[in-house]
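See structure below.
Only the coordinates and a few stated rules stand behind these numbers; no lab work does. All of these numbers come straight from a predicted model, not from anything done at the bench. Glycine gets a Cβ as well: all are built from the backbone with ideal geometry, and neighbour counts include every protein chain shown.
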Amino acid sequence: CWVAKYVCRRHTAASLHRVLSDVLGPSAINMLYHPRDAKKNASASFAFINFASVAEAHRAVRLLHGRMWRRPDGTVDTNPRAIVLEPARVQGIAECLSTLKGDWHHQSLIIFHEGRCIDKEAALRLYCSLCVVAIV
């Protein structure tokens with residue numbers, strides 16, 4: 001799992017995934033969590049991204065780190081801070097999903113398998129055979 005910093009606050013999890021997929025391809029990411037900042041009534045300026053493989057994570061760093069974010073409409077963000085990708089404290093999709101168990105029904109969490117969005121039950125069966133008790 002990686003932390004993406006300085007994300008445009010106009011993004012939703014879905015729009016951020018579209019922007020990332022345009023660069024990385026639809027199958028590169030298997031989880032994206034882009035929380036909302038309730039105080040500012042906007043998306044937070046960070047997101048947690050779990051890549052489908054270590055190779056995909058390295059490719060994402062190579063292609064994205066240090067570049068400028070794109071807004072949901074595809075234009076370059078005017079925020080002077082470039083994309084920063086850093087490893088998160090929690091690693092692996094099962095561990096990430098277990099950590100985020102309180103936000104399972106929130107739109108800020110999207111889970112994928114082979115480029116397609118999957119529901120909670122499918123994610124549990126696929127990724128969390130060891131953490132089902134912790135999430136349910």
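List of remarks:
- Each label was represented as a point 7 Å from its Cα along the Cα-to-Cβ direction; for Val54 and Asn79 these points are 3.0 nm apart.
- Between the amide H of Asn30 and those of Asn50, Phe51, Ala52, distances stay under 5 Å, these residues lying 5 or more places away or on another chain, with hydrogens modeled in the peptide plane.
- Among the trypsin sites (Lys or Arg not before Pro) in region 41-77, those placed in a DSSP loop whose Cβ has at most 14 other Cβ atoms within 10 Å are Arg67.
- Relative contact order (percent, whole number), the chain, Cα cutoff 8 Å, 6+ residue spacing: 33 percent
- Which labelled figure in [x] 41, 24, 13; [y] 24, 17, 13; [z] 28, 18, 14 is semi-axes √(5λ) of the Cα gyration tensor in Å, once derived from the coordinates: [y]
- Ordering of 86-97, 28-39 by packing [mean C-beta count within 10 Å, highest first]: 28-39, 86-97
- Rounded to the nearest 500, the 222 nm mean residue ellipticity of the chain from helices alone is -8500 deg cm²/dmol, with -39,500 (n - 2.57) taken per DSSP H run of at least 4 residues.
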